[in-house]
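These notes are about the structure you will find just below.
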Amino acid sequence: MAKNSAKAPDRGAASARQAKIQAAQKSAGGGANKIVVATVVAIVAIIATVGGVVWSQMSKENDVTGGGNALPAGVSELGQGYPAFQDVTPVDGAPTVDLYVDYQCPACAMFEEAFGPTLSQQAADGKIKLVYHVKNFLDDNLRNDSSTRAANGAFCASDAGKFQEYSDQLFPGQPEREGDGWTDAQLKAFAETAGVSGEALTTWESCVAAGKYTDYVNSVEKQSFADGVKGTPTVKVNGEDLDTSTLVNAEGTAFDPAKLVAALEAAGK
(Lines give C-alpha, C1' and ligand atoms only; values in the text may rest on other atoms or scores of the structure.)
Protein backbone atom coordinates (compact mmCIF):
# COMPACT_ATOMS: atom_id res chain seq x y z
CA MET A 1 0.00 0.00 0.00
CA ALA A 2 1.40 3.43 -0.96
CA LYS A 3 2.15 5.77 1.87
CA ASN A 4 0.43 9.22 2.11
CA SER A 5 3.11 11.81 1.45
CA ALA A 6 1.10 14.70 3.15
CA LYS A 7 2.31 15.69 6.56
CA ALA A 8 0.02 15.32 9.50
CA PRO A 9 -1.20 18.68 10.82
CA ASP A 10 0.92 20.23 13.51
CA ARG A 11 -1.62 20.34 16.31
CA GLY A 12 0.76 22.26 18.50
CA ALA A 13 1.11 25.09 15.99
CA ALA A 14 -2.67 25.25 15.48
CA SER A 15 -3.26 25.47 19.18
CA ALA A 16 -0.70 28.24 19.46
CA ARG A 17 -2.40 30.29 16.73
CA GLN A 18 -5.80 29.83 18.36
CA ALA A 19 -4.36 30.90 21.67
CA LYS A 20 -2.94 34.06 20.07
CA ILE A 21 -6.31 34.90 18.49
CA GLN A 22 -8.11 34.46 21.78
CA ALA A 23 -5.48 36.49 23.58
CA ALA A 24 -5.81 39.30 21.01
CA GLN A 25 -9.57 39.32 21.43
CA LYS A 26 -9.26 39.48 25.20
CA SER A 27 -6.64 42.23 25.05
CA ALA A 28 -9.00 44.27 22.83
CA GLY A 29 -11.38 44.21 25.77
CA GLY A 30 -14.44 44.59 23.57
CA GLY A 31 -12.89 47.54 21.77
CA ALA A 32 -15.22 47.13 18.81
CA ASN A 33 -18.19 47.49 21.13
CA LYS A 34 -16.70 50.65 22.61
CA ILE A 35 -16.38 52.14 19.13
CA VAL A 36 -20.01 51.32 18.35
CA VAL A 37 -21.20 52.83 21.62
CA ALA A 38 -19.10 55.94 21.08
CA THR A 39 -20.50 56.30 17.55
CA VAL A 40 -24.08 55.96 18.77
CA VAL A 41 -23.48 58.54 21.49
CA ALA A 42 -22.01 60.93 18.92
CA ILE A 43 -24.97 60.47 16.58
CA VAL A 44 -27.45 61.05 19.40
CA ALA A 45 -25.56 64.20 20.37
CA ILE A 46 -25.67 65.46 16.78
CA ILE A 47 -29.41 64.73 16.53
CA ALA A 48 -30.01 66.53 19.81
CA THR A 49 -27.99 69.52 18.66
CA VAL A 50 -29.70 69.73 15.28
CA GLY A 51 -33.09 69.26 16.94
CA GLY A 52 -32.26 72.05 19.38
CA VAL A 53 -31.26 74.36 16.52
CA VAL A 54 -34.47 73.56 14.59
CA TRP A 55 -36.60 74.09 17.70
CA SER A 56 -34.81 77.36 18.45
CA GLN A 57 -35.30 78.55 14.86
CA MET A 58 -38.99 77.60 14.93
CA SER A 59 -39.35 79.38 18.27
CA LYS A 60 -37.78 82.53 16.82
CA GLU A 61 -40.04 82.33 13.77
CA ASN A 62 -43.09 81.95 16.00
CA ASP A 63 -41.95 84.97 17.97
CA VAL A 64 -42.04 86.92 14.71
CA THR A 65 -45.08 85.36 13.04
CA GLY A 66 -47.08 84.52 16.15
CA GLY A 67 -48.06 81.22 14.59
CA GLY A 68 -51.09 82.93 13.02
CA ASN A 69 -52.78 83.95 16.27
CA ALA A 70 -50.48 86.63 17.59
CA LEU A 71 -51.86 89.19 20.01
CA PRO A 72 -50.18 92.50 20.81
CA ALA A 73 -48.97 92.93 24.38
CA GLY A 74 -51.84 93.95 26.61
CA VAL A 75 -54.47 92.15 24.53
CA SER A 76 -55.81 88.88 25.95
CA GLU A 77 -58.00 87.63 23.09
CA LEU A 78 -58.82 88.18 19.43
CA GLY A 79 -61.25 91.02 18.78
CA GLN A 80 -60.15 93.13 21.75
CA GLY A 81 -58.91 96.67 21.34
CA TYR A 82 -55.29 97.60 21.97
CA PRO A 83 -54.62 99.60 25.15
CA ALA A 84 -52.18 102.42 24.42
CA PHE A 85 -49.82 103.96 27.00
CA GLN A 86 -49.62 100.71 28.95
CA ASP A 87 -46.80 102.05 31.11
CA VAL A 88 -49.15 104.72 32.56
CA THR A 89 -51.37 104.07 35.58
CA PRO A 90 -54.70 105.85 35.04
CA VAL A 91 -56.09 107.97 37.87
CA ASP A 92 -59.14 106.73 39.74
CA GLY A 93 -62.27 107.23 37.69
CA ALA A 94 -60.41 107.79 34.42
CA PRO A 95 -62.88 107.17 31.57
CA THR A 96 -62.13 104.62 28.86
CA VAL A 97 -61.93 106.10 25.38
CA ASP A 98 -62.34 103.55 22.59
CA LEU A 99 -61.07 104.89 19.29
CA TYR A 100 -62.09 103.03 16.11
CA VAL A 101 -59.93 103.94 13.13
CA ASP A 102 -58.73 102.69 9.75
CA TYR A 103 -55.30 104.03 8.85
CA GLN A 104 -56.41 104.76 5.26
CA CYS A 105 -59.44 106.76 6.41
CA PRO A 106 -59.24 110.49 5.40
CA ALA A 107 -61.81 111.48 8.06
CA CYS A 108 -59.66 109.71 10.64
CA ALA A 109 -56.73 111.82 9.50
CA MET A 110 -58.78 114.98 10.05
CA PHE A 111 -59.84 113.76 13.50
CA GLU A 112 -56.25 112.88 14.35
CA GLU A 113 -55.03 116.31 13.29
CA ALA A 114 -57.62 118.00 15.51
CA PHE A 115 -57.71 115.69 18.54
CA GLY A 116 -54.81 113.24 18.32
CA PRO A 117 -52.36 115.27 20.43
CA THR A 118 -55.07 115.97 23.03
CA LEU A 119 -56.00 112.30 23.39
CA SER A 120 -52.37 111.26 23.59
CA GLN A 121 -51.63 113.86 26.26
CA GLN A 122 -54.70 112.90 28.27
CA ALA A 123 -53.64 109.24 28.10
CA ALA A 124 -50.01 110.02 28.94
CA ASP A 125 -51.21 111.96 32.00
CA GLY A 126 -53.38 109.03 33.08
CA LYS A 127 -56.57 111.06 32.74
CA ILE A 128 -58.09 108.58 30.27
CA LYS A 129 -57.59 104.96 29.23
CA LEU A 130 -57.05 105.09 25.47
CA VAL A 131 -57.92 101.92 23.55
CA TYR A 132 -57.34 101.57 19.79
CA HIS A 133 -59.57 99.39 17.63
CA VAL A 134 -57.63 99.32 14.35
CA LYS A 135 -59.89 98.32 11.46
CA ASN A 136 -59.11 97.37 7.85
CA PHE A 137 -62.43 97.54 5.96
CA LEU A 138 -60.99 100.10 3.54
CA ASP A 139 -58.76 97.40 2.03
CA ASP A 140 -61.89 95.98 0.39
CA ASN A 141 -63.25 99.39 -0.56
CA LEU A 142 -59.98 100.60 -2.06
CA ARG A 143 -58.87 97.23 -3.43
CA ASN A 144 -55.50 97.21 -1.72
CA ASP A 145 -54.02 95.84 1.51
CA SER A 146 -52.54 99.02 2.96
CA SER A 147 -54.82 99.23 6.00
CA THR A 148 -53.75 95.75 7.06
CA ARG A 149 -50.08 96.35 6.29
CA ALA A 150 -50.08 99.67 8.15
CA ALA A 151 -51.80 98.04 11.12
CA ASN A 152 -49.15 95.32 11.13
CA GLY A 153 -46.53 98.06 11.04
CA ALA A 154 -48.03 99.70 14.12
CA PHE A 155 -48.41 96.48 16.11
CA CYS A 156 -44.98 95.21 15.06
CA ALA A 157 -43.67 98.55 16.32
CA SER A 158 -45.54 97.89 19.58
CA ASP A 159 -43.27 94.85 20.02
CA ALA A 160 -40.44 97.37 20.29
CA GLY A 161 -42.48 99.65 22.57
CA LYS A 162 -43.14 102.16 19.78
CA PHE A 163 -46.83 101.76 18.92
CA GLN A 164 -47.91 105.33 19.56
CA GLU A 165 -44.86 106.81 17.88
CA TYR A 166 -45.59 104.72 14.78
CA SER A 167 -49.35 105.21 14.78
CA ASP A 168 -48.96 108.97 15.07
CA GLN A 169 -47.21 109.06 11.68
CA LEU A 170 -49.71 107.08 9.64
CA PHE A 171 -52.51 109.64 9.40
CA PRO A 172 -50.38 112.68 8.50
CA GLY A 173 -48.38 110.36 6.25
CA GLN A 174 -51.39 109.18 4.23
CA PRO A 175 -50.79 109.13 0.45
CA GLU A 176 -52.01 112.25 -1.30
CA ARG A 177 -54.47 110.24 -3.35
CA GLU A 178 -56.75 107.92 -1.41
CA GLY A 179 -56.21 104.31 -2.40
CA ASP A 180 -52.58 104.63 -3.41
CA GLY A 181 -51.53 103.09 -0.12
CA TRP A 182 -48.01 102.92 1.29
CA THR A 183 -44.92 101.26 -0.12
CA ASP A 184 -42.87 98.93 2.06
CA ALA A 185 -40.14 101.56 2.10
CA GLN A 186 -42.55 104.18 3.44
CA LEU A 187 -43.79 101.90 6.21
CA LYS A 188 -40.19 101.11 7.14
CA ALA A 189 -39.36 104.82 7.21
CA PHE A 190 -42.17 105.33 9.72
CA ALA A 191 -40.61 102.65 11.91
CA GLU A 192 -37.20 104.32 11.75
CA THR A 193 -38.68 107.73 12.56
CA ALA A 194 -40.57 106.11 15.46
CA GLY A 195 -37.23 105.06 16.92
CA VAL A 196 -37.13 101.39 15.89
CA SER A 197 -33.53 100.60 14.98
CA GLY A 198 -30.85 97.92 14.86
CA GLU A 199 -31.94 94.37 15.59
CA ALA A 200 -35.41 95.62 16.54
CA LEU A 201 -35.82 97.09 13.05
CA THR A 202 -34.78 93.79 11.47
CA THR A 203 -37.36 92.02 13.63
CA TRP A 204 -39.94 94.65 12.68
CA GLU A 205 -39.33 94.00 8.97
CA SER A 206 -39.74 90.23 9.44
CA CYS A 207 -42.85 90.82 11.53
CA VAL A 208 -44.51 92.96 8.85
CA ALA A 209 -43.45 90.64 6.03
CA ALA A 210 -44.98 87.70 7.89
CA GLY A 211 -48.20 89.59 8.61
CA LYS A 212 -47.85 88.67 12.27
CA TYR A 213 -50.92 90.61 13.40
CA THR A 214 -53.16 90.16 10.33
CA ASP A 215 -55.45 87.68 12.09
CA TYR A 216 -55.72 90.04 15.03
CA VAL A 217 -56.61 93.03 12.83
CA ASN A 218 -59.20 90.94 10.98
CA SER A 219 -60.71 89.90 14.31
CA VAL A 220 -60.96 93.52 15.47
CA GLU A 221 -62.72 94.43 12.22
CA LYS A 222 -65.17 91.58 12.66
CA GLN A 223 -65.82 92.31 16.35
CA SER A 224 -66.25 96.05 15.86
CA PHE A 225 -68.77 95.47 13.07
CA ALA A 226 -70.65 93.05 15.31
CA ASP A 227 -70.63 95.75 18.00
CA GLY A 228 -72.35 98.16 15.62
CA VAL A 229 -69.36 100.24 14.54
CA LYS A 230 -69.99 100.86 10.86
CA GLY A 231 -67.67 103.79 10.15
CA THR A 232 -64.50 105.54 11.20
CA PRO A 233 -63.58 107.48 13.15
CA THR A 234 -65.90 106.31 15.92
CA VAL A 235 -65.25 107.39 19.49
CA LYS A 236 -66.83 105.78 22.53
CA VAL A 237 -66.43 107.12 26.06
CA ASN A 238 -67.20 104.54 28.72
CA GLY A 239 -68.99 102.52 26.06
CA GLU A 240 -71.20 105.38 24.80
CA ASP A 241 -70.81 107.00 21.38
CA LEU A 242 -69.31 110.47 21.49
CA ASP A 243 -70.99 112.83 19.02
CA THR A 244 -68.01 114.57 17.44
CA SER A 245 -70.29 117.21 15.93
CA THR A 246 -70.54 118.69 19.43
CA LEU A 247 -66.78 119.25 19.52
CA VAL A 248 -66.67 122.26 17.17
CA ASN A 249 -65.96 125.84 18.11
CA ALA A 250 -68.64 128.46 18.64
CA GLU A 251 -68.43 129.55 15.01
CA GLY A 252 -68.86 126.00 13.83
CA THR A 253 -65.80 126.32 11.64
CA ALA A 254 -63.31 123.97 13.31
CA PHE A 255 -62.94 121.27 15.91
CA ASP A 256 -62.20 122.52 19.43
CA PRO A 257 -59.89 120.29 21.53
CA ALA A 258 -61.01 122.13 24.69
CA LYS A 259 -64.51 120.78 24.18
CA LEU A 260 -63.13 117.25 23.95
CA VAL A 261 -61.27 117.73 27.23
CA ALA A 262 -64.46 119.02 28.85
CA ALA A 263 -66.42 116.02 27.61
CA LEU A 264 -63.76 113.64 28.96
CA GLU A 265 -63.65 115.38 32.29
CA ALA A 266 -67.41 115.15 32.59
CA ALA A 267 -67.29 111.44 31.83
CA GLY A 268 -64.72 110.91 34.56
CA LYS A 269 -66.85 112.42 37.32
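The values are calculated or read from the model by the stated rules, or taken from the named source; none is laboratory data. Remember, it's a predicted structure, so these values are computed and weren't measured experimentally. So basically every Cβ, Gly included, is an ideal-geometry build from the backbone, and we count neighbours across all protein chains shown.
Inside region 75-132, residues that are part of a helix (DSSP H, G or I), loosely packed, with under 15 Cβ neighbours inside 10 Å and not polar (S, T, N, Q) make up a count of 5.
Restricting region 117-145 to residues that are in contact with an Asp or Glu (Cβ under 7 Å, 6 or more places away or on another chain) and not aliphatic (A, V, I, L, M) leaves a set whose member that is farthest from Phe190 (Cα to Cα) is Phe137. Screening Ala185 against (1) assigned to a loop (DSSP other than H, G, I, E, B); (2) more than 15 Å from the chain's Cα centre (by Cα); (3) among the aliphatic types (A, V, I, L, M) leaves a single unmet condition, (1).
The residue list Gly173, Gly231 contains one member that is small (Gly, Ala, Ser), modelled with pLDDT under 95 and not in a helix (DSSP H, G or I), which is Gly231.
Against the condition assigned to a helix (DSSP H, G or I), touching a His at 6+ places or on another chain (Cβ under 7 Å) and of a type outside the set (A, V, I, L, M, F, W, C), how does Ser219 come out, does it pass? It is false that Ser219 is assigned to a helix (DSSP H, G or I), touching a His at 6+ places or on another chain (Cβ under 7 Å) and of a type outside the set (A, V, I, L, M, F, W, C). Of all residues in region 242-269, those satisfying the criterion of being hydrophobic (A, V, I, L, M, F, W, C), surrounded by fewer than 17 Cβ atoms within 10 Å (Cβ to Cβ) and part of a loop (DSSP other than H, G, I, E, B) are Ala250, Ala254. Which residue, of Gly239, Gly181, is surrounded by 13 or more Cβ atoms within 10 Å (Cβ to Cβ) and in contact (Cβ under 8 Å) with a residue 60 or more places away in the chain? On inspection, the qualifying residue turns out to be Gly181. Assessment of region 229-252 against the conditions (under 20 Å from Ala73 (Cα atoms), touching a helix residue (DSSP H, G or I) at 6+ places or on another chain (Cβ under 9 Å) and of a type in the set (Val, Ile, Thr)) yields no matching residue.
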